[in-house]
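Q: The structure follows.
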Amino acid sequence: MNKPDSASLSRLPQIEKLLQTEELQLWFPRLSRPLVTRLASETIDAIREEVRGGGAVPPIQTIIGAVADRCRQTAGRRIHHLINATGVMLHTNLGRAPISKTAWRSAEAVNTGFSNLEFDLQTGKRGKRKGIIPELLALLVGAEDALMVNNNAAAVFLILSALAKGREVIVSRGEQVQIGGGFRIPEILAQTGANMVEVGTTNITRLEDYTRAFSPDTAMVLTVHASNFRIRGFTARPGIRELAESLPEDVLLVVDQGSGTTTERIPGEHSVAHYLSSGADLVSFSGDKVLGGPQAGFIVGRRDLIRKLAEHPLNRVFRPGKTIYSLMEEALVARLNRDAEPPVEAVLNLSVEELRSRGQALLSDLPPGSVRLVESTVATGGGSAPDEQFPSLSVELLAERRPETLLEILRSGDPPVIGTIVEGRVRLNLATLLPGELESVAAAIRRLSGETT
């Protein structure tokens, strides 16, 4: 193997020369000049090692192309607007519920200027960070009080830490779940210092299983939303009202409702208000799922317990910032005023005829024989009604290429289009497309067909 001479290495371009090229300057607005500089430097370092190993110095355009490829890959990790054609309405990987444009515009001034996040306008002194969210949410779900934190995982963690540390928490074996990201109920209890007491079996937990487990150290009974699965067949569990009526006076009943169903009618889901009226002391749930707000977690229920949670040191760790507060206030006001149909219900209420009209409009804008309309289903997702499917229609791509390749090309577009593979064909579900997205989907399919947009 020939060793390179210093002349070979000297032919490697300087970083500054690369950064002056139009191909790389195009990435400055997306990545920043310093990050493009680092990517260029790493690319040159890798080439230098190859040259030292006996390789040839590539042409400068090849080097520029290699840096541009790294920029493109890095930019792909930025948070993008994309088109959800998966048929899952509240897709956790795709950001769950979209924020309404009305709420976004209404909250603009708060977030682009200063605000009274922790300032009392009446007294001119420091105020509490909560706005009117407790009042709005209490009215929506019929609670005495409410508290907002970063997400539902934080809500559960705060409840256990503040109200059950060093004491026993009774949990059915059938509810010791793991949700996305490795969030496991037994491990969370251990982290908070609470002691989990298992009762029942995977499929059967009876009222007497709970009552036999009560002891002087019992702090609460925790019931957990199944989130992303259902156990069918030979199953049994007591209702919340039955459980509440059997608890000793000093034992709390806490429900992790999870999905955030409030006024919506979703098969297989009980609302937050249902659990409160049935006797739960506290209910926790997500704000960015069925409720349709930004990512947040809520705890609603007894005023004295909410006050304890608000005063706990962990609440400062878990509290959201001004963007979440302002957007959530807008979302809750709109919900109470019934200004717009809840996002999940809006999709569930789409008729097959409406979806067929969407599909026909899309087909009329595409090359003949490139797609066809097929029956499909849509799911709520986001940890709600995990085994419920609702009628929908999809556009099925007929291109004779590997479906994985087609999905990859769709993902590389601007905006990316995210579909699924069913029976060896790529499908784009019409129910989860937002208004105005049909044209972008048509353009993406035309690109697959070799046509220009």
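The values are calculated or read from the model by the stated rules, or taken from the named source; none is laboratory data. Quantities reported herein were computed from a predicted structural model and do not represent experimental measurements. Positions of Cβ are backbone-derived with ideal geometry, glycine not excepted, and every protein chain shown enters the neighbour counts.
Q: Would you check which residues across segment 336-355 are at pLDDT 90 or above and closer than 15 Å to PRO435 by Cα and list them?
A: GLU354, LEU355
Q: Out of the residues in segment 206-256 that are of a type in the set (Phe, Trp, Tyr) and within 19 Å of ALA280 (Cα to Cα), state the one that is modelled with the lowest pLDDT.
A: The extreme case among them is TYR210.
Q: If you don't mind, another one. Which of the residues belonging to segment 317-369 are of a type in the set (Asp, Glu), assigned to a helix (DSSP H, G or I) and either in contact (Cβ under 8 Å) with a residue 60 or more places away in the chain or within 21 Å of ASP288 (Cβ to Cβ) (or both)?
A: Selection gives GLU329, GLU330, GLU345.
Q: Let me ask something else. Just the residues that are modelled with pLDDT under 95 and touching a Lys or Arg at 6+ places or on another chain (Cβ under 7 Å), please, taken from segment 141-173.
A: SER172
Q: Being touching a strand residue (DSSP E or B) at 6+ places or on another chain (Cβ under 7 Å) and not aromatic (Phe, Trp, Tyr) is the filter; apply it to segment 259-278 and report the residue that is surrounded by the fewest Cβ atoms within 10 Å (Cβ to Cβ).
A: ILE266
Q: Turning to a different aspect of this structure: Go through segment 184-201 and give me each residue that's acidic (Asp, Glu) and either part of a strand (DSSP E or B) or closer than 13 Å to THR223 by Cα (or both).
A: If the condition is that a residue be acidic (Asp, Glu) and either part of a strand (DSSP E or B) or closer than 13 Å to THR223 by Cα (or both), then GLU198 is the only one that fits.
Q: Against the condition within 25 Å of THR92 (Cβ to Cβ), touching a Ser or Thr at 6+ places or on another chain (Cβ under 8 Å) and of a type in the set (A, V, I, L, M), how does VAL283 come out, does it pass?
A: No; evaluated as a whole, the condition is false for this residue.
Q: Say whether the condition of being acidic (Asp, Glu), closer than 30 Å to GLU16 by Cα and modelled with pLDDT of 90 or more is met by at least one residue in segment 112-135.
A: Within segment 112-135, none of the residues are acidic (Asp, Glu), closer than 30 Å to GLU16 by Cα and modelled with pLDDT of 90 or more.
Q: Checking the condition of a type in the set (A, V, I, L, M, F, W, C), under 27 Å from the mean Cα position of the chain (by Cα) and within 22 Å of THR323 (Cα to Cα), which residue from VAL149, VAL156, VAL141 passes?
A: Result of the check over VAL149, VAL156, VAL141: VAL149.
Q: Any chance segment 54-77 includes a residue that's out of contact with any helix residue (DSSP H, G or I) (no Cβ under 7 Å at 6 or more places or on another chain), outside any loop (DSSP other than H, G, I, E, B) and surrounded by 18 or more Cβ atoms within 10 Å (Cβ to Cβ)?
A: No - not one qualifying residue is present in segment 54-77.
Q: Next question, about the same structure. For segment 309-355, enumerate the residues that are charged (D, E, K, R), more than 25 Å from GLY113 (Cβ to Cβ) and surrounded by 14 or more Cβ atoms within 10 Å (Cβ to Cβ).
A: Those that are charged (D, E, K, R), more than 25 Å from GLY113 (Cβ to Cβ) and surrounded by 14 or more Cβ atoms within 10 Å (Cβ to Cβ): ARG335, GLU345.
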